[in-house]
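**Student:** I am attaching a structure below and will ask some questions about it afterwards.
The values are calculated or read from the model by the stated rules, or taken from the named source; none is laboratory data. Predicted model, so just to flag it, every value in this text is computed and none were measured. Every residue, glycine among them, receives a Cβ derived from its backbone with ideal geometry; neighbour counts consider all protein chains shown. Just so you know, the surface numbers come from the protein's heavy atoms only, side chains and all, with ligands and any DNA or RNA stripped out. Shrake-Rupley method; radii C 1.70, N 1.55, O 1.52, S 1.80 Å.
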Amino acid sequence: SNRHIQDAIQYINQNYARHIGLEEIANHVYLSKHYFHRLFTQTVNCTPHEYIHMVRLRHAKELLRNSSLSVREIATSVGFENDSYFIQLFKRSESTTPLAYRKKWNGTSYGADFSVCSKNIRTPVFP
């Protein structure tokens with residue numbers, strides 16, 4: 001079971017930038033989507049959907065800190081089809097807008113941001 005979840009996490013981390021869904025990930029690890037969803041949520045402590053958002057937001061924060069791409073370009077490059085939805089999730093996760101986050105980090109170098117999930121997304125507990 002843990003092997004299935006590790007494989008799913010690796011698959012998500014490699015494919016987050018495109019549209020991936022529950023059924024595709026479950027098929028990748030040879031489980032039914034209902035069983036996979038339950039197993040993933042119990043093991044990681046957040047749903048597959050929440051985990052995908054967390055991975056996308058983590059990559060977006062890196063791009064906001066280290067690139068001059070627009071918010072729309074960043075949203076698209078990390079897998080969000082709608083930049084308004086990206087901004088909404090970002091604000092819920094970080095309590096600030098993507099541009100304000102970029103300004104906060106502009107000119108500073110604090111290294112990697114190790115936050116995994118925020119207050120509105122349950123923190124994954126890896127096996």
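Here is a yes/no grid of residues against (1) buried (at least 20 other Cβ atoms within 10 Å of the Cβ); (2) in a loop (DSSP other than H, G, I, E, B):
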| residue | (1), (2) |
| --- | --- |
| I20 | no, yes |
| N27 | no, no |
| F36 | yes, no |
| Y51 | yes, no |
| R56 | yes, no |
| A60 | yes, no |
| S68 | no, yes |
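**Student:** Do you know which residues across segment 95-106 are open to solvent by 50 Å² or more (accessible area, probe 1.4 Å) and either on the phi > 0 side of the Ramachandran plot or in a helix (DSSP H, G or I) (or both)?
**Tutor:** Across segment 95-106, the qualifying residues are S95, L99, K103, K104.
**Student:** Any idea which residue in segment 88-127 is farthest from Y16 (Cα to Cα), counting only those that are modelled with pLDDT of 55 or more and among the aromatic types (F, W, Y)?
**Tutor:** W105
**Student:** Does any residue in segment 86-114 that is closer than 18 Å to T76 by Cβ and of a type in the set (A, V, I, L, M) come within less than 7 Å, Cβ to Cβ, of a residue that is assigned to a loop (DSSP other than H, G, I, E, B) and at pLDDT 95 or above six or more places away or on a different chain, and which pairs are these?
**Tutor:** Hits for this filter: I87/T97.
**Student:** Just for segment 38-49: of the residues that are open to solvent by 50 Å² or more (accessible area, probe 1.4 Å) and of a type in the set (S, T, N, Q), which one is nearest to F90 (Cα to Cα)?
**Tutor:** Step by step, filter segment 38-49, then rank; the result is N45.
**Student:** Restricting to segment 70-87, what's the tally of residues that are farther than 15 Å from R18 by Cα and either open to solvent by less than 60 Å² (accessible area, probe 1.4 Å) or under 12 Å from the mean Cα position of the chain (by Cα) (or both)?
**Tutor:** Going through segment 70-87 one residue at a time, the tally reaches 3.
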